[in-house]
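Q: Structure provided below as structure tokens; questions to follow.
A short reminder: the numbers here are calculations on the coordinates, not readings from a lab. Every value quoted in this text rests on a predicted model; they were computed, and no experiment measured them. Cβ placement follows ideal geometry from the backbone for every residue including glycine, while neighbour counts extend to all protein chains displayed.
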Amino acid sequence: MEYNELVKSELAQMEQRLTEMEEKIDNIDKKLNQVVDAILGNSLTKSGGFMQEMEKIKEKIYLLERKQDKMDDFKKRIVWTIGIIVAAAMVIQYIVKVYSDIK
């Protein structure tokens with residue numbers, strides 16, 4: 001009978017270890033789901049997750065780059081406008097000086 005009791009004891013211990021392993025796997029699965037929800041978002045809770053935040057940041061960066069390009073174009077136009085006005089003023093001044101020297 002000792003052999004049967006020993007086998008039953010071993011089976012009971014194996015069953016206990018199996019139960020503990022199942023609980024640990026369930027716990028790991030829950031944590032993995034939380035990580036996936038944090039990264040990809042969860043459609044049930046309408047949480048966006050990290051990836052949605054990254055998409056929003058990319059969109060904002062794109063808009064800022066467009067604004068920066070527009071600002072650079074505006075600065076170039078201002079510089080060219082001032083340059084043309086100064087050049088025109090110098091040409092007019094030269095013409096006036098030549099005209100006044102002729103008279």
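Q: Please name which of GLN34, ILE57, MET90 has its Cα lying farthest along the dipole of the chain towards the positive end, using unit charges on Cβ (Lys, Arg +1; Asp, Glu -1) and the Cα centre as origin.
A: The residue sitting most towards the positive pole is MET90.
Q: Find how much the distance from SER100 to VAL86 grows on full extension, using 0.36 nm per residue of separation minus their present alpha carbon separation; answer in nm with one decimal.
A: On the way: separation 14, 0.36 × 14 = 5.04 nm, distance 2.07 nm.
Full extension of this stretch gives 3.0 nm more.
Q: What translational diffusion coefficient, in µm²/s and rounded to a whole number, does the Stokes-Einstein relation yield for the chain at 20 °C and a viscosity of 1.002 mPa s, taking the hydrodynamic radius as the Kirkwood radius over Cα pairs?
A: Values: Rh = 21.9 Å.
Using the Kirkwood radius from Cα pairs, D works out to 98 µm²/s.
Q: What is the distance in Å between the Cα centres of the stretch 17-32 and the stretch 39-103?
A: The stretch 17-32 and the stretch 39-103 have Cα centres spaced 58 Å from each other.
Q: Using a Gaussian network model on the chain with a 10 Å cutoff between Cα atoms, which of GLY41, GLY83, GLY49 fluctuates the most?
A: The residue with the greatest mean-square fluctuation here is GLY83.
Q: If I model a spin label at LEU32 and ASP72 as a point 7 Å from the Cα along the Cα→Cβ vector, what separation in nanometres do I get?
A: 4.7 nm
Q: Full-extension gain between GLU55 and LYS8, please, as 0.36 nm times their residue separation minus the C-alpha to C-alpha distance. Mind showing how you got there, number by number?
A: Numbers: separation 47, 0.36 × 47 = 16.92 nm, distance 5.81 nm.
Extra length available between GLU55 and LYS8 comes to 11.1 nm.
Q: Looking at the chain as a GNM with Cα springs under 10 Å, which of GLU22, GLU53, GLU65 has the largest mean-square fluctuation?
A: Maximum among the listed residues: GLU22.
Q: Related question: When the dipole is taken about the Cα centre of the chain, and only Lys, Arg (+1) and Asp, Glu (-1) are charged at their Cβ, what size is it in debye, to the nearest 20? Write out the running numbers ahead of the final one.
A: Details: 17 positive and 18 negative charges, 366 e Å.
For this selection, approximately 1760 debye.
Q: Here is a further query. I want to check a number: in the chain, how many lysine pairs have alpha carbons closer than 22 Å, given a sequence separation of 8 or more or different chains?
A: Final tally of qualifying lysine pairs is 12.
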